[in-house]
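Reading through the structure tokens given below for one structure.
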Amino acid sequence: MTDSLTRQSEYWNRQAEDFHRIYSRDKPWLSGLLDRVFRRDMYERFAFAMAASEPVTGRTFLDVGCGSGVYALELARRGAAQVTGLDIAEEMLRLCRQAAAAENLDGRCAFAHSDLLEFGPDALFDVTLGIGLFDYIADPGPVLRRMRAITRDRVILSFPRLGTWRAPVRRLRLSLRGCEVHFYTRRRVERLLADARLHVHTLERVGKLYCVVATLAAAAD
Ligand SMILES: C[S@@+](CC[C@H](N)C(=O)[O-])C[C@H]1O[C@@H](n2cnc3c(N)ncnc32)[C@H](O)[C@@H]1O
């Protein structure tokens, strides 16, 4: 791993439990309220990604930067044939495996400690997700091209928007904790996708994010 990936993985190992708590209903009233106000787009991007993943039943998914496994597990619950979660933080993967075993979903979920660029799957995935990932990727081009190379149908992505009030606050807060964060304009997202030969199906502004569905084949007119 490069120094920058090592720093990312150390940061996410420390943050794993706190990050997972954002999705939990079991937390003090005030932190629930703050999450609903300030992190509303995290819940909206989850709804976006689940809708864009349909039909889930019988298909295979790769979740890059799977974190604590919230997306991977939901896809397995919805009937995915197989879900693979990749992450560089072991502590996140421990939470994924624990939750998958508790729900008896471990037969259809596998979690691997790997950077996408080092990952060599045996077969293509129908759908690849990269949600909350590009915030932490200094050079997105190779990652998007790799996603394209190992996906059959579509990729579902999120990118944090440049120019929101939250961007400088987040940049400062995370840099003080040793984690770099990156922001995107719509034009840059479009250019990155085009350079990776991915065709925009949907590019929506969702709160402080852009949420994207891109296909490998251009839509027929
Ligand atoms: C904000 S969390 C998002 C987790 C999950 N996708 C979600 O939205 O709930 C970002 C995750 O990406 C992982 N990550 C960061 N850079 C990565 C990389 N190059 N390859 C794989 N995972 C990475 C981090 O370890 C962290 O778990």
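Expressed as a whole percent, the proportion of Cα-Cα pairs in the chain lying more than 33 Å apart is 10%.
Summing Cβ point charges (Lys, Arg +1; Asp, Glu -1) relative to the Cα centre of region 20-79 gives a dipole of roughly 140 debye. Restricting to the chain, what percent of DSSP beta bridges are antiparallel, rounded to 5? For the chain, the DSSP antiparallel bridge percentage is about 40.
Hey, what did the chain get for relative contact order, percent, Cα under 8 Å, at least 6 apart? Show your work: numbers first, answer last.
Details: 372 pairs, mean separation 40.9, N = 221.
18 percent.
With the Cα gyration tensor of region 121-173 giving a ≥ b ≥ c as the square roots of its eigenvalues, does the rule (a/c under 1.5 for rounded; else a/b larger than b/c for prolate; else oblate) give rounded, prolate or oblate? Prolate, because a/c is 1.5 or more and a/b exceeds b/c.
Computed from backbone phi with θ = phi - 60° and the Karplus coefficients 6.51, -1.76 and 1.60, the 3J(HN,Hα) list for region 62-69 is 10, 10, 8, x, 6, x, 7, x Hz; x is used for glycine and proline. Expressed as a whole number of Å, what is the distance separating the alpha-carbon centroids of region 161-201 and region 119-156? If you average the Cα positions of each part, the centres end up 16 Å apart. Please check: in the Gaussian network model of the chain (C-alpha springs, under 10 Å), which one of Ile131, Ile150, Ile88 has the largest mean-square fluctuation. With Cα springs under 10 Å in the chain, the top fluctuation among Ile131, Ile150, Ile88 is at Ile150. Averaging Cα coordinates gives a centre for region 64-84 and one for region 6-34; these two points are 18 Å apart. Taking the Cα centre of the chain as origin and assigning +1 to Lys and Arg Cβ atoms and -1 to Asp and Glu Cβ atoms, the resulting dipole is close to 820 debye. A simple rule links phi to the HN-Hα coupling: the Karplus curve 6.51 cos²θ - 1.76 cosθ + 1.60 with θ = phi - 60°, which for region 10-17 gives 5, 4, 6, 5, 5, 8, 3, 5 Hz, with x for Gly and Pro.
When the solvent-accessible area of the chain is split by element, carbon and sulfur atoms take up 52 percent of it, the probe being 1.4 Å. If R0 is 30 Å, what FRET efficiency do you get for Arg205 and Asn13 from their C-beta distance, rounded to 0.05? Given R0 = 30 Å and the Cβ-Cβ separation, E is 0.40.
Considering only Thr185, Ala76, Ala112, and ranking their Cα positions along the charge dipole of region 3-215 that arises from unit charges at the beta-carbon of Lys, Arg, Asp and Glu, the one farthest toward the positive end is Thr185.
Please work out the average accessible area per residue across region 73-221, using the 1.4 Å probe convention, and give it in Å². All intermediate terms of the calculation are to be shown ahead of the outcome.
Numbers: 7060 Å² over 149 residues.
Using a 1.4 Å probe on heavy atoms only, each residue of region 73-221 averages 47 Å².
Computed from phi, the 3J(HN,Hα) profile of region 97-112 under the Karplus parametrisation 6.51, -1.76, 1.60 (θ = phi - 60°) reads 5, 4, 5, 5, 5, 4, 9, 6, 9, 5, x, 10, 10, 10, 10, 10 Hz, with x in place of Gly and Pro. Selection among Gly67, Leu162, Val143 by position relative to the dipole of region 3-215 gives Leu162 as farthest towards the positive end (Cβ unit charges, Cα centre).
The values are calculated or read from the model by the stated rules, or taken from the named source; none is laboratory data. Keep in mind the model is a prediction, meaning the values are calculated, not measured. No Cβ is skipped: glycine too gets one built from the backbone with ideal geometry, and neighbour counts run over all protein chains shown. Just the protein is used for accessible areas: all its heavy atoms, side chains included, with ligands, DNA and RNA removed. Shrake-Rupley method; radii C 1.70, N 1.55, O 1.52, S 1.80 Å.
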